[in-house]
1. Out of all the residues in the stretch A:276-298, which are surrounded by 20 or more Cβ atoms within 10 Å (Cβ to Cβ), more than 29 Å from B:I57 (Cβ to Cβ) and either small (G, A, S) or at the interface with another protein chain (Cβ under 7 Å from one of its Cβ atoms) (or both)?
2. Counting just the residues of the stretch C:223-257 that are closer than 15 Å to C:I131 by Cα and buried (at least 24 other Cβ atoms within 10 Å of the Cβ), which one comes out farthest from the other protein chains (Cβ to nearest Cβ)?
3. Give me the pairs, please: first residue somewhere in the stretch B:247-269 and part of a helix (DSSP H, G or I), second residue anywhere and surrounded by fewer than 19 Cβ atoms within 10 Å (Cβ to Cβ) and basic (K, R), beta-carbon distance under 8 Å, and either six or more positions apart or on two chains.
4. Can you name the residue in the stretch A:314-372 that is outside any strand (DSSP E or B) and basic (K, R) and, of all such residues, is farthest from the other protein chains (Cβ to nearest Cβ)?
5. Of the residues C:L140, C:L112, which is without any contact (Cβ under 8 Å) to a residue 12 or more places away in the chain, closer than 23 Å to C:K171 by Cα and surrounded by fewer than 19 Cβ atoms within 10 Å (Cβ to Cβ)?
6. Can you report the number of residues in the stretch B:283-306 which are facing another protein chain (nearest Cβ under 8 Å) and polar (S, T, N, Q)?
7. Show me the helices (runs of 4 or more DSSP H) entirely contained within the stretch A:125-190 in which 1 or more residues are surrounded by fewer than 19 Cβ atoms within 10 Å (Cβ to Cβ) and aliphatic (A, V, I, L, M).
8. Just give me the residues in the stretch B:136-151 being of a type in the set (F, W, Y) and more than 10 Å from chain C (Cβ to nearest Cβ), in sequence order.
Amino acid sequence: MLKKIALLTACAVFGPVGIGNAQVKNPGTLVYLWTSGIQSLDPAYIGNTPSTYASLNMYNRLLGYDGSNISEFVPSIASEVPSLDNGLIVSGEDGSVRYTFPIREGIYAHKVGLKAADGKIEWRYYDDLSGEERERIEPGFGEITAEDVRYSFMRAILQGESWMANAVTEMVTAGAYANIREWATQLAGVENFDDLDEADLVAVHDALAEKITVEDGKVVLTLEKSFPATLGVIALPYATSVIDKEWAVDHGAWPGTADNWVEFHKPDLGDSALFEQVNGSGPFMLEEWDQGEKRLVMKRFEGYMDGPAPLERVVLRTVPEWTTRRLQLEAGDADVVATPVEFLEEMKSRPGIKVQEGLQNIFGRSLFFMWPVQAEGNPAIGSGKLDGAGIPPDFFGDIDVRKGFNYAQNYQLLLEQVNLGNTVQLRGPTVRGLMGYTDESPVYSFDPEKAEEHFRKAYDGKLWDVGFEMTAFMTEGTELANAALSVLQQNLARINPKFRLKIQALPWATISDRIYTSTNPSIPMAYMGWGPDYSDPGGPLGAATYYLASTGLVAGFSGEGYRELMRQEFDALLDEAWKLNDPDERRPIYERLQVMSHELATTQFLWEDYTHVVSRDWVDGYVHNMILYGAWDFYNITKSE
Amino acid sequence: MLYYLLRRAVFIPVVLLALTLMIFSLQMTLSPVQRLAAYAPGPEFLKGGNDQIAALIEKYGLDEPFLVQYSDWLGNVLTGNLGWSETARAPVADALIDLFPATAELVFFAFIPSLIGAIWLGTKAGVYLNKGIDHAIRIFTILGWSFPVFVFGLMMLMIFYGTLNWFPPGRLSQWAEVVVAGEAFTRYTGVNTLDALLNGNLAVFFDALRHLIAPVVTLTYVNLASMTRVMRTSMLETLRQDYIRTARAKGLPERVVQNKHGRSNAMLPVVTIAGMELAYMMGGVVITETIFDYHGIGRFAADAASNLDFPGVLGFALYFALVLVVINLVVDLLYPLLDPRVKLR
Amino acid sequence: MTVLRYLLRNPLSLFGMVVLIGFVVVALFAPLLAVPEPYQISPYDTPRAGFWAQPQPPSGEHPLGTTQGQFDIYYGLVWGTRTAFKIGLGVVLISVFVGVLIGSIAAFYGGLVDEVLMRVVDVFMAVPLLIAAMVLTALLGKGLVPMIIALSTFGWMNYARVVRSEILRVKELDFVHAARAYGTGDLRLILRHILPNTFFPVLVLATMATGSMVLAASALSFLGVGTEEGYADWGQFIAYSRNWIVGQGDDPFAYWYTLFFPGMAIFLFVLSWNLVGDALRDILDPRIAK
């Protein structure tokens, strides 16, 4: 008897042997395996690309990006894209700018509110309703209106949690305030956010409410001065995603009141009311978000405003091991898998699998010079003196040192062997396709003689005689970073055997500790990459500002010496360019900045970041948009049978 | 016996307290910015620079003195709140409860065959000392624990999934996921095989089984190897005891001598080791879980550890200590049953 | 003499001995067997043969091939032998020292001291080695020394337990009673009479553990908390093979060398320590003596 059962089990377990690879598995369902995870389903909370896979597909914005275009928009919840020509952007005489967004009618969210017999609102799936029931939907409950848009923007700003929500604050105040705390404290004239009383809180709420208004069922945004990146921020799949106010309030989110918003300010991750529930108007609905299994399942929304999506279901799973992902793709159990660059060639040769490669990302990878660094007890600079056993704290303050380092890097080798020809050399703060990028600017190339020439000039020749020893840093587990630093290490030692560059890999936590804990970083050089948040190079969150302004992101951790250089050389030009409205006037200034970043060797720019898509050949319709950092909009994806 | 149990019960909280204090003091060797990493897992979360970092440190109380932070945590634990794990993006207790059935299922299927196999193989090796069979078993076991687990795991995956397409990774196929998530299917325990049987859904049962085989075989082999060793050694010692000689001298058949007198006595140390092995398996089999895309407690603990998510690590430590206590208790209680000479004191 | 005779009678043990001596030789002569390049900052940083992301098969210049990122496998294995001894012996010596110290104090004094120390053991036992080591290396940074610290911090408890129970057994033996009756001091009693008698079980345990520490180190490398990138360490080199084990397309053995050589090194190392350990036990343990 026992043996029989065993035999039966064996048959059942081994049963599905020999399923042909050609046959489409799981028709209608797209299985997407990646190594990332989603942080929160609250679009106002999230701050990284993986999380936008949820917000992009389950919510809508006023506008969307037009295909792969990074500065052209298409209507979404707004029925028209505002422009000067159609009169929806109006410049006032005082320099203010008004954006008007007419709202498309008849957009419903996944769940809508119906009044039950006892007068209470009952939330039901729109798709499940009969025609008669759809007539009875409580107005505004699950129907997307201008009020919902206003509420979503204000909620995100007042919640003030993520970097991307603060970008909206920055936009609404035309760059005057970086976040709601700054705005509130400056408005009230106090030092600390905790010192604010209720009247102050109401005051900042009202000041915000004046900037985002609803007129005639249209959303009107009034900025004190021009902020060229406004539409770009609005179309990003983060904090400007539109949620249904009535539903959100009913589910414990900020009720839209002026006096108690601070209770909903900066909640812990899980305390945000929308952390694990979604009611957007996007083409997919939340079916399951299993944190333990690291799986997000989205189901098609039949009532989507532009008609239902071809895919019935999308499954995102976190699978950290490459071999596991790869075998699942080859067996057809997965449709798209995240793939390390060294396997692209091989995956291309596999039957039934296709590869889209060389997709551009909007930022580059670089080695950042920082100076001065912490002088006391800092092992990264050895003795702390120019005596062959260390470096002085402001080592990279000498332009010849920076240039020597830049000539000592072998960029071609990194492009060919490490990145396997998937990308191009980075020329400055911006990448191909952004305003101000020019491919005519000079770049560094590996040139030991030039490097020697500069090293001999540095520190009046003393550097060349005594040599140096220092440590460069990288985040753990990034092989590309290790390769870039190793090439530099070898070349430096070959140029002068007294040049000793050590490499240390640290967890991100420790790196951030060492660049942020005090006024000066304790790291003289590190491998990183920072991406801008919109395509415009200027403004507080643009690529040029990030890298080249004394107030920019990079300057923030690169030490006072770096900031001083930015103040002297770059700040004035950046301000000038941002104030101009005409792209044709702005462009040459940004191009000039790119050239200057090379002349002054501000940073060792390495290569443009890139990505690729490896999928079964039955998956079609992916459009790569680099401002979305390659996030997938599943609405257009098809899986042919 | 009662005294023994009482004594045990008194020491459990002491050990737990010391354990959490130890982990907590590890955490305090980090700077507040480093501890912040648990809440800001990547560079993009700190784009706001110094101001944002200061605000976050204040928000999570990361610069409070050690005892304040510890007593806060302890107070919460005593009220049943293990804190929030940023790695699991869930309260720690929920995450553990959520992942426990998966780990328990895997361990259940892997532990029993490895225990039985180890006893059987160890006995054989002991009996045929330095004969062909013994050498074969020794090499088989040494192979089992002189290669890293991930090498076996990846090979299993390649052969049984990549080439033969028999045993896919994960816990269920996509279609079965849909069934299990559906309304017609009740998740009584979270253990897929059991739930499927309780729901009377054989298709899901066999699907779950199909996904279990490869990780189970990998785990079984590795554990079998180390337990076989112990069994063999123990068998060698036992077979040299006087009472074995006496039994032989009495003319009992060799089979009886080996099985009844030899094996049953040699099993004692194996029980202890098996208890430890079981505990460590319940503590999570990080590598096996990673390779077979099997989301269990081990993966969670490893992620928490590498992200310095201390609420997660502390919660896991408490869970593991609890598992250890229970298993040790069971082992201790088993002892007198197996060997009448042992009395609990 | 007995040792020699035993070895001759047990070819397997002889084999283990020979292999182990072989490893010692390789470790000693590493600078001659694999000459470091002049630009290397430390001889333990494996030189790279270019920077191609894919492994390259054995060739004249790289007799055992290269890993992903072009670390020379031959060089890594030769210098890795030293690392293996450092990890194995380092961890085991520290653990044995701590374990013997705590175990003997606990057993000798008994009572409250014993109770407290054994609870300390319980505390350390209650953390799985890998997770504990991950936390520690995350705190201390990557590298050989943090790894040794992490592995020994959570590796001494077994020795403490064994020593304690052995001492408790020996303590009851007649000669100890006799020594005590003659007024021998505590320390002297422990050092001269009790410890030597508990030495063998610990030695056997330690020998077996030496090999497997290299394995634990490779698990750490797999989880991303091992030695620094390119450091000559078998564990790291075998972890480099993880993505290449399944081979290329229809040829599952396309990258066999990435797994085979580091795998063989670890296997032989663990095997030899085990065989030597088995032999030691058979020779030294009075309870099994023939």
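The values are calculated or read from the model by the stated rules, or taken from the named source; none is laboratory data. Every value quoted in this text rests on a predicted model; they were computed, and no experiment measured them. Every residue, glycine as well, gets a Cβ built from its backbone with ideal geometry; the counts of neighbours run over all protein chains shown.
1. A:G280, A:S281, A:G282, A:G292, A:E293
2. First, pick out the residues of the stretch C:223-257 that are closer than 15 Å to C:I131 by Cα: C:223-226.
Then drop every residue that is not buried (at least 24 other Cβ atoms within 10 Å of the Cβ), which leaves C:225-226.
Details: C:V225: 7, C:G226: 11 Å.
By that ranking, first place goes to C:G226.
3. So the pair list comes out as B:E254/B:R248; B:V257/B:R248.
4. Initially, the stretch A:314-372 is screened for residues outside any strand (DSSP E or B), giving A:319-335, A:338-352, A:370-372.
Imposing the further condition that a residue be basic (K, R) reduces the set to A:325-326, A:348, A:350.
Values: A:R325: 8, A:R326: 7, A:K348: 10, A:R350: 6 Å.
Ranking the candidates gives A:K348 first.
5. Numbers: C:L140 fails: closer than 23 Å to C:K171 by Cα.
Result: C:L112 is the single residue among C:L140, C:L112 that is without any contact (Cβ under 8 Å) to a residue 12 or more places away in the chain, closer than 23 Å to C:K171 by Cα and surrounded by fewer than 19 Cβ atoms within 10 Å (Cβ to Cβ).
6. Summing the residues that are facing another protein chain (nearest Cβ under 8 Å) and polar (S, T, N, Q) in the stretch B:283-306 gives 2.
7. Numbers: elements: A:131-135, A:146-159, A:163-172, A:180-188.
Qualifying helices (runs of 4 or more DSSP H): A:180-188.
8. First, pick out the residues of the stretch B:136-151 that are of a type in the set (F, W, Y): B:140, B:145, B:147, B:150.
Of everything in the stretch B:136-151, just one residue is of a type in the set (F, W, Y) and more than 10 Å from chain C (Cβ to nearest Cβ), namely B:F140.
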